[in-house]
Structure formats: structure tokens, C-alpha cells
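The values are calculated or read from the model by the stated rules, or taken from the named source; none is laboratory data. Keep in mind that this is a model prediction, so the values were computed, not measured. A quick note on method: Cβ atoms are made from the backbone with ideal geometry, for glycine too, and the neighbour counts reach across all protein chains shown. Remember, those area values only see protein heavy atoms, side chains included, never the ligands or the DNA or RNA. Shrake-Rupley method; radii C 1.70, N 1.55, O 1.52, S 1.80 Å.
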Amino acid sequence: MITKNLFAGFIPVSLSIFLILPEKSYAMHIMEGYLSPFWSIFWIVSALPFIIYGFFAIRKKISENTKFFILLAMCGAFAFVLSSLKMPSVTGSCSHPTGVGLGAVLFGPTPMAVIGFIILLFQALLLAHGGLTTIGANIFSMAVVGPFAAYGVFKGALKAGISSGIAVFSAAFAGDILTYVTTSIQLALAFPDAAGGFITSLWKFMGIFALTQIPLAVSEGLLSLIVYNVLVKYSYKELHLLKAV
């Protein structure tokens, strides 16, 4: 029921925004069939516990305050739109914003695993972005590592006395960058260099990604900060209850 409601909540909003934005049809997450069966299964198994735990985390949050559902749906729409804006970077993958940092700041990292799963499933089935065989790898990079990195940076920045604005920007930036680092690791594991092995392959993937991902991460950080400031203005009570201010 929660998953169905999340679809109903953020997909219509996402589509209305997505349809008016330019899109490269050949840009995608790690594409269908690009990973071997071993790595496809490995990443699905690795991501599954986070999705299960995230489902219960979402149910707990919504039971505490039904208004959280609206914020969660907004975070889903935000992540869906940003992760659909892709810039081709290397064969088999791409560079793109993720949008998961904002949701991790508000709700913690595990709910974003569920949000990410819904987004990536929808994109794979209906938008030809990513694929079903590679959905585990895409979830693990964008919806597990990214949110955990963003959440850790946000909480660490607040404990260090850094302003919430800088903390949100840093969190979104870190979540974006760590997503692409994880994808680079996944691809390097799947396709080690014939001469230099995993390390050489990793540096090749990271080197190609870095040029396009850093400015995208900065842009995502700024956009996340803008949305966060709007939420602080109009939904301060809810953000206070979520301990996100």
C-alpha cells in the first residue's frame, strides 16, 4: 500500500515536469544486459536488505505524521526528475544528478532505497533508462551509497556547527559524487583492465566520469539548497519533527 501510494504521489508530478525538459534518449544508468549474471545478482542481493528496511522505515515515519507522506512524495519527484537528466559519459553508463541527497537529509538514508527502487524500476520499464538486470547495481549506487553519504555528511556538518544551508549543499554534493564513484567501482569490478586489472579500470572510469560529474554535483547541491530553504519557510514544523533543521 505504501509503495502504491508513493507511485500515486510523485509519479504524476515527476512526469509533468519531465515532459517539458530536454532529454537525450541514449543516456541511461548502467544499461540492460551490460553486467554479467553474477554481478547482476550480486548487486540485487546487496541492495535488497536496504529496500526491505527502508519500507519499514517509511511506514514508521508516515505513522508518526501523515504529513510526512507529502514531503516524501516531493522528494521522490525531485529525485526522479534530476536522475532523468543525463549527460552521456562512457559506454554503458552516464553522468547525471541523482536528487537523493535532499530526501536523505529529510528522512534518513534507508527510505531513499525504496524511493530509488521505484524511480529506477519506472525508468527501466517505461523510459528505457537503466534495466531490470542492472537495477540492483543502480539501486546500490544511487539509492544506497548516495543517500548514506549525504546523510552522514549532513549530520556530521551539523554536529561540527556548520550552518544547515552549507550542510545541505555538502550533503547533496557528496551523495552525487559518491554515487558516481560507486558506479565506477561496479563497472571496474565487472570489466577489469586486461593489463592493469581492477585499479587501472577504476581510474579509467572515474577519470571519464569526473569531468562531467563535478559540475553536476555542484548544481545539484545548489538546487537542493533552494528546495530545502523553501521547505524550511513553509514546512518548518515537519522538518523540525524530522530533525532536519
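Here are the numbers for this structure:
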item: Across 61/155; 61/243; 67/243; 61/159; 60/243, pairs whose alpha-carbon gap is larger than 21 Å; result: 61/159
item: Set of aspartates and glutamates with alpha-carbon distance to residue 237 below 20 Å, sequence-local pairs under 8 removed; result: 64
item: Inter-label distance for residue 218 and residue 155, nm, one decimal - labels placed 7 Å from Cα along Cα-to-Cβ; result: 3.0
item: Distance from the stretch 52-69 to the stretch 121-185 (C-alpha centre basis), Å; result: 20
item: Protection proxy ranking, peptides 68-78, 107-117, 220-230, average beta carbon neighbours within 10 Å, highest first; result: 107-117, 68-78, 220-230
item: Pair residue 166, residue 53: separation of 7 Å Cα→Cβ label points (nm); result: 3.0
item: Carbon/sulfur fraction of accessible area - the stretch 168-242, other protein chains in place, 1.4 Å, %; result: 75
item: Anisotropy class of the stretch 114-180 from Cα gyration tensor, a/c 1.5 cut; result: prolate
